[in-house]
Amino acid sequence: MIELLKKINQLKEIPRTGWLLAGVSLAEVEDVSQHSFEVASIVMLLGKKIGRKVNVEKAVKMALIHDMPECLVGDFPYPGLKYLSRRNKKEMETRAAEELFGEEKELLELWKEFVEERSIEAELVHAADYLSILLQALRYAECGNLSDGMLELWNQVLLDLDPYAKKFPEIGDLIENLKSNFNRLCNR
């Protein structure tokens, strides 16, 4: 277990690369562990609100591990997906997850369930993942970062979040609030 914990600990040193490409300085950019904590927090709060047979404990576990393979392969940003297909990224991260989790079969199966979106919990974690990006983008925008890269990322995340917003109408008000605040900063 100590080897797994040491690898997971490295997530505190891996910056979320998409923010760097959007013009956020390395000193200010969130790291993968901060993002994972926020996703788990969003899942915990939304899971109770949504109800509908969501196993909140399972979903929180899934949120905590959803980016753990990045301790082996790094964080691959949105803009990079045009150079590496989502399928190839998934294959790379799956091999990393298999190596990382090793004997921890429960964690590997939970991670695969997330990636393959095989449950309502996995869908909720994906929604929370996108909501976390929007929250962080709003924070950076409030600090004055409204670069073209930030605007492009914001718009792409909203598009990717849309199917989850339809699946979970309970998050609609949150999305509208985030959009309103972001648009106010952009004077749109």
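Just so you know, all these numbers are worked out from the coordinates, no wet-lab data involved. Quick caveat, the model's predicted, so the values are computed rather than measured. FYI the Cβ positions are ideal-geometry reconstructions off the backbone, even for glycines, and counts take in every protein chain you see.
A simple count of charges around Arg139, restricted to other residues whose Cβ falls under 10 Å of its Cβ and scoring Lys, Arg +1 and Asp, Glu -1, yields -3. Residue pairs exceeding 24 angstrom between C-alpha atoms, taken from Lys12/Lys61; Lys61/Lys179; Lys7/Lys167: Lys61/Lys179; Lys7/Lys167. Each of Ser147, Ser36 was scored by other Cβ atoms within 10 Å of its Cβ. Arranged with the fewest first, they read Ser147, Ser36. Which aspartates and glutamates, if any, have their Cα less than 17 Å from the Cα of Lys105, not counting same-chain residues under 8 positions apart? Candidates past the 8-residue exclusion: Glu3, Asp67, Glu93, Glu113, Glu116.
Checking (1) 0.95; (2) 1.08; (3) 0.99 against Rg/Rh (Cα atoms, Kirkwood Rh) calculated from these atoms, the matching label is (1). For Lys90, the lysines whose Cα falls under 17 Å of its own Cα, not counting residues fewer than eight places away in the same chain, are Lys82, Lys112. By other beta-carbon atoms within 10 Å, ranking Asp173, Asp160, Asp75 with the fewest at the front produces Asp173, Asp160, Asp75.
Checking the cross-link filter: which aspartates and glutamates have an alpha carbon closer than 18 Å to that of Lys49, excluding same-chain neighbours under 8 positions apart? The reachable aspartates and glutamates, counting only those whose Cα sits under 18 Å from Lys49, are Glu38, Glu57, Glu121, Glu123, Asp129, Glu170, Asp173, Glu176.
Derived scalar couplings between HN and Hα for the stretch 60-76 equal 5, 4, 4, 5, 5, 9, 4, 10, 4, x, 5, 5, 9, 10, x, 8, 9 Hz in order, rounded to whole Hz, by the Karplus curve 6.51 cos²θ - 1.76 cosθ + 1.60 (θ = phi - 60°), x for Gly and Pro. Could you work out which residue, out of Met150, Met92, Met62, moves most in a Gaussian network model of the chain, that is, has the largest mean-square fluctuation with Cα springs under 10 Å? Maximum among the listed residues: Met92. A straight chain from Glu116 to Met1 at 0.36 nm per residue would run longer than the Cα-Cα distance by 38.8 nm.
Simple spin-label estimate for Val73 and Asp148 gives 3.0 nm between the two label positions (7 Å along the Cα-to-Cβ direction from each Cα).
Taking a label point 7 Å from the Cα of Lys12 along the Cα→Cβ vector, which residues of the stretch 36-62 have an amide N closer than 15 Å to it? Label zone hits: 36-37. Relative to the Cα centre, the charge distribution of the stretch 2-186, modelled as +1 at Lys and Arg Cβ and -1 at Asp and Glu Cβ, gives a dipole magnitude of about 400 debye.
Run the helix sum for the chain: -39,500 (n - 2.57) per DSSP H stretch of 4+ residues, divided by residue count, reported at 222 nm to the nearest 500 deg cm²/dmol. The partial results should precede the final answer.
Details: 10 runs with 131 residues, N = 188.
So the calculated ellipticity at 222 nm is -22000 deg cm²/dmol.
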